[in-house]
Amino acid sequence: MRQKTSPINQKRIAIICGGPSAERGISLNSARSLFDNLNPQQYQLLVLYVNPKLQFFQINETEIYSNTPLDFDYKLQKSGKALSKIQLKKILQSVDLVFPAIHGTYGEDGQLQQLLEKFNIPYIGSSPAACLNTANKQLCQKVLKKNGFFTLKNYVVKQGSRLPKIPLGSWVAKPLHGGSSIGVEYIRSPDQLKPKLAAVFKHENQAIIEPEVQGREFTIIVLENDNGSPVALMPTEIELAQDRFFDYRKKYLPTAETRYHTPARFDALTTAKIRTQAAHAFQCLGMNDVGRLDGWVLKDGTIWFSDINAISGMEQNSFLFQQAALLGLSHSQLLDYIITKKVTKSPPNLALREEIPIIFGGNTAERQVSVMSGTNVWMKLKSSKKYKPIPLFLSFDQKIFYIPQFLCLQHTVEEISEKIKHFKDPKQFQKLEKEADLILKELNIRKDQVDEPIFIPRQTSIESISKDYGFLFLGLHGGAGENGAFQAILERLKLPYNGPGSAASELCMDKFATGQRIETAKIQGVSIAKKYLMSITEDPKKTWANLQKLQFAKSIILKPRGDGCSAGVIRINSLEEFTKAVQHFKSDKNLIPAGAIHKLHGQIDLPEKKLSEILIEDFILTDKITLNKLKIHWQTQSDYVEITVGVLGEKENLIVMSPSQTISNMETLSLEEKFMGGTGINLVPPPVAFVKSSVIAQVKLRLQKVAVALGIEGYSRIDCFMNRITGELIIIEANTLPALTPSTTFFQQAASLPTPLNPQLLLEKIIEIGKNRFQKKS
């Protein structure tokens, strides 16, 4: 059912997320993005979460910032109550419109749409029939072939049925209805067919097998205009740096492994063909409002649409928002257009806000996380009534640029840098503007209506920034951005900033020195793991023997002395593994492949700057905790668990927030589990059935003393091991500029304060604390 066309006056919108598929994590990310960017002056929002059993729950603003569906499912079984059919119908009939944000089964196969039509509820997106056409990959290819599109021969296999006899060659097997690159397997020979399909069947009991094509991959967004005509935007080309397997990690964790080129680097004729065919496919499949089409330009120039998504991912830097940003449309404007097919310029009163520049990027191993943090801060503050965020990009060679919204939505430092060079060519920029103007015309949007017109990036300097603004928000991680060097410059220029001062930042970046300071403080119930500094030139065999003499544990942790975000962190159990790991640290490679040292570790990203020292720590044995069928299974091994805790406030009045208990799938917490929404499990606070509230209270008091000993102020995050019985702590490290990515536990902890702070209010509080500190000093 299409949405009503009556004038908007505080329309009430229900965002529906979750669902039973493996894409639930992406669904939550989409829902958060919708919640953050739908204009609150135009829309009243409520959020409905669907669990794997297809039970509906109404969730509040703070709950939406939980990291994963497992977080939701576990908490809701304790505190939530599933809506009855009558309650669900009543809530849905109280809204003007539903915005489905469920990816995969139930959201994109037409089931949710059938329920909404049964209740006579208007919604965004395609009809049940169109969703079915696109969700079933084989049916989709049949519809496309019937309408004259190029297709490839495929095979559909049900679990337990006879395997097809596929010809020799390379093939791709994937779930028949799946998406987000989950469950994709590559088959190089017929003997691999059975085990590869077994892997696919873990996600769905039906698989489709297609030839592995040679060509260039792309994805393109199609919007429906107010005349009901489909309009294709500028496509994005997907380039994989190492192998062609575009998996979940490469799709959603920003790394240099994947490069997105928006607009795609195709010639004008090929781009025109993609746009024309994408719009036609959208129409032939009966789609409405918005959709995303994934495909390939084959070596002979043929266009093949491999996957059609009735509900495109809506994360803040998703292809949907990125391609619209080329036209100058803000997130709020794009969502408004999808709902109303119209665009209005933001009211001028927002221009009265104080301008706050946010700097992100850099050249450290954590630069991609910095992009995620900085752009998320920028995005959250865009709706602030106090501050107007100004994005600043720090390039790999340490140059600072004012950049347009479009560049904020790139995934990596490398992508942004490439676009800056591209934009510097006046001919290329004019060509881009001309193409954008033509698409805006097709959408019936005037150029003067867009909120975020693209512009050529302008270089600036930290000295100029200090003269033009009264505050700089640091979204940097690692290196000079976090080790006190950048902070010292700002202090010299008397420019207020967020986070602890230069001295505390320098101390906390050095994990070895941090440990020494904590030992010196002699805080009751607080200790550190045994540490050893190894020169990179040391002989691994001699070092290993020395570690045995010093009575280190059988298992040890290797990590850089001055990096964070799990860069270079690995558990080692033998001399053989130790020698392999040291060789990797010495090499010119920027990562350790999954399983290269032993079978239990995932991919480990290494610092960009070659190490002179390796920090070795005792491995702390923790209780084995799993979440199975929404029940916590707690196997006691040491009574220690890993937690991360945020602190917030003035130096003399720091608030220690509720700890997050992390449950890792690997031996050490991976980048994915830390920063990819939908992967890590964070329970805030730890479950009271296993950790008493009195222990948590004692932990908070001890961590407040740790923060004071380290000179922390403003906000920081402390990672440690906690004895769940005694509240004793073993400190791992302190992060003075903790990540502020969309799914960070820092937001979850702030939302659990006695007076809850949503992300925007938390960021405003961080700015206020930073300003006050400088006012007191002056």
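The values are calculated or read from the model by the stated rules, or taken from the named source; none is laboratory data. Just so it is clear, the structure is predicted and the values come from calculations on it, not from any experiment. Methodologically, a virtual Cβ is constructed for each residue, glycine included, from the backbone with ideal geometry; neighbour enumeration extends over all protein chains shown. Just so you know, the surface numbers come from the protein's heavy atoms only, side chains and all, with ligands and any DNA or RNA stripped out. Shrake-Rupley method; radii C 1.70, N 1.55, O 1.52, S 1.80 Å.
Looking at S612, is it hydroxyl-bearing (S, T, Y) and in contact (Cβ under 8 Å) with a residue 60 or more places away in the chain? Considered against the rule, which asks whether it is hydroxyl-bearing (S, T, Y) and in contact (Cβ under 8 Å) with a residue 60 or more places away in the chain, S612 comes out as yes.
Of the residues making up segment 461-502, those that are open to solvent by 10 Å² or more (accessible area, probe 1.4 Å), closer than 13 Å to P357 by Cα and among the small types (G, A, S) are S461, S464, S466, G470. Among the residues of segment 544-560, some residue qualifies, meaning at least one is under 31 Å from the mean Cα position of the chain (by Cα) and either in a helix (DSSP H, G or I) or not hydrophobic (A, V, I, L, M, F, W, C) (or both). In segment 409-431, what count of residues is obtained for those that are part of a helix (DSSP H, G or I), of a type outside the set (D, E, K, R) and touching a residue at least 60 places away in the same chain (Cβ under 8 Å)? Result for segment 409-431: 0. Residue pairs whose Cβ atoms lie under 7 Å apart, sitting 6 or more positions apart in sequence or on different chains, and linking a residue in segment 277-297 that is more than 19 Å from G215 (Cα to Cα) and outside any helix (DSSP H, G or I) to a partner that is hydrophobic (A, V, I, L, M, F, W, C) and open to solvent by 20 Å² or more (accessible area, probe 1.4 Å), are L285/V143; G286/A129; R292/F319. Of everything in segment 445-460 that is touching a helix residue (DSSP H, G or I) at 6+ places or on another chain (Cβ under 9 Å) and assigned to a helix (DSSP H, G or I), the residue that is most open to solvent (accessible area, probe 1.4 Å) is K447. If you go through segment 25-47 and keep only what is touching a helix residue (DSSP H, G or I) at 6+ places or on another chain (Cβ under 7 Å) and without any contact (Cβ under 8 Å) to a residue 60 or more places away in the chain, you end up with F35, L45, V47. Taking (1) among the aliphatic types (A, V, I, L, M); (2) over 29 Å from the mean Cα position of the chain (by Cα); (3) not in a helix (DSSP H, G or I) in turn, L392 satisfies each apart from (2). Pairs are defined by a Cβ separation below 7 Å, a sequence spacing of at least 6 or placement on different chains, a first member in segment 683-706 that is closer than 20 Å to D623 by Cα, and a second member that is modelled with pLDDT of 95 or more and among the basic types (K, R); the pairs so defined are F690/R724; V691/R724; V695/R724.
Every condition in (1) within 16 Å of V684 (Cα to Cα); (2) in a loop (DSSP other than H, G, I, E, B) holds for I712 except the one numbered (1).
If you filter segment 1-24 down to residues that are modelled with pLDDT under 90, surrounded by fewer than 24 Cβ atoms within 10 Å (Cβ to Cβ) and in contact with a helix residue (DSSP H, G or I) (Cβ under 7 Å, 6 or more places away or on another chain), you find that the one that is farthest from K90 (Cα to Cα) is I8.
Exactly one residue among L298, L285, L269 is at pLDDT 95 or above and open to solvent by 40 Å² or more (accessible area, probe 1.4 Å), and that residue is L269. Residues that are assigned to a strand (DSSP E or B) and surrounded by fewer than 23 Cβ atoms within 10 Å (Cβ to Cβ) were ranked within segment 231-256; the one that is modelled with the lowest pLDDT is L240. If you filter segment 207-219 down to residues that are in a strand (DSSP E or B) and under 29 Å from the mean Cα position of the chain (by Cα), you find that the one that is surrounded by the most Cβ atoms within 10 Å (Cβ to Cβ) is F218. Restricting attention to segment 697-754, the residues that are of a type in the set (D, E) and over 25 Å from the mean Cα position of the chain (by Cα) total 2. Taken over segment 686-725, the criterion of being touching a helix residue (DSSP H, G or I) at 6+ places or on another chain (Cβ under 9 Å), surrounded by fewer than 19 Cβ atoms within 10 Å (Cβ to Cβ) and modelled with pLDDT under 95 is satisfied by P687, V688. Being open to solvent by 10 Å² or more (accessible area, probe 1.4 Å) and under 17 Å from I465 (Cα atoms) is a condition met by no residue of segment 375-386. Screening N120, N154, N147 for residues that are over 30 Å from the mean Cα position of the chain (by Cα), farther than 15 Å from I308 by Cβ, open to solvent by 20 Å² or more (accessible area, probe 1.4 Å) and of a type in the set (S, T, N, Q) leaves exactly one candidate, N120. The number of residues in segment 123-144 that are open to solvent by 80 Å² or more (accessible area, probe 1.4 Å) and either at pLDDT below 95 or on the phi > 0 side of the Ramachandran plot (or both) comes to 1.
Mind listing just one residue for me: the one in segment 726-743 that is outside any strand (DSSP E or B) and open to solvent by 10 Å² or more (accessible area, probe 1.4 Å) and, of those, nearest to I359 (Cα to Cα)?
Result: P742.
Taking segment 159-189 as the range and being over 26 Å from D109 (Cβ atoms), open to solvent by less than 60 Å² (accessible area, probe 1.4 Å) and either among the hydroxyl-bearing types (S, T, Y) or out of contact with any strand residue (DSSP E or B) (no Cβ under 8 Å at 6 or more places or on another chain) (or both) as the test, the residues that pass are S170, S189. Of everything in segment 67-109, what is outside any helix (DSSP H, G or I), of a type in the set (G, A, S) and open to solvent by 10 Å² or more (accessible area, probe 1.4 Å)? Give them in sequence order. Across segment 67-109, the qualifying residues are G80, A82, S84, S94. One residue alone among L116, L92, L112, L88 is in contact with a strand residue (DSSP E or B) (Cβ under 8 Å, 6 or more places away or on another chain), at pLDDT 95 or above and within 18 Å of H177 (Cβ to Cβ), and that residue is L112.
Restrict the check to segment 424-444 and report whether at least one residue is more than 29 Å from G711 (Cβ to Cβ), open to solvent by 10 Å² or more (accessible area, probe 1.4 Å), in contact with an Asp or Glu (Cβ under 8 Å, 6 or more places away or on another chain) and aliphatic (A, V, I, L, M). Within segment 424-444, none of the residues are more than 29 Å from G711 (Cβ to Cβ), open to solvent by 10 Å² or more (accessible area, probe 1.4 Å), in contact with an Asp or Glu (Cβ under 8 Å, 6 or more places away or on another chain) and aliphatic (A, V, I, L, M).
Scanning segment 44-66 for residues that are under 22 Å from K11 (Cβ atoms) and outside any strand (DSSP E or B) turns up N60, E61, I64. K441 meets each of the listed conditions (1) within 21 Å of V231 (Cα to Cα); (2) within 31 Å of the chain's Cα centre (by Cα); (3) at pLDDT 95 or above; (4) in a helix (DSSP H, G or I) apart from (2).
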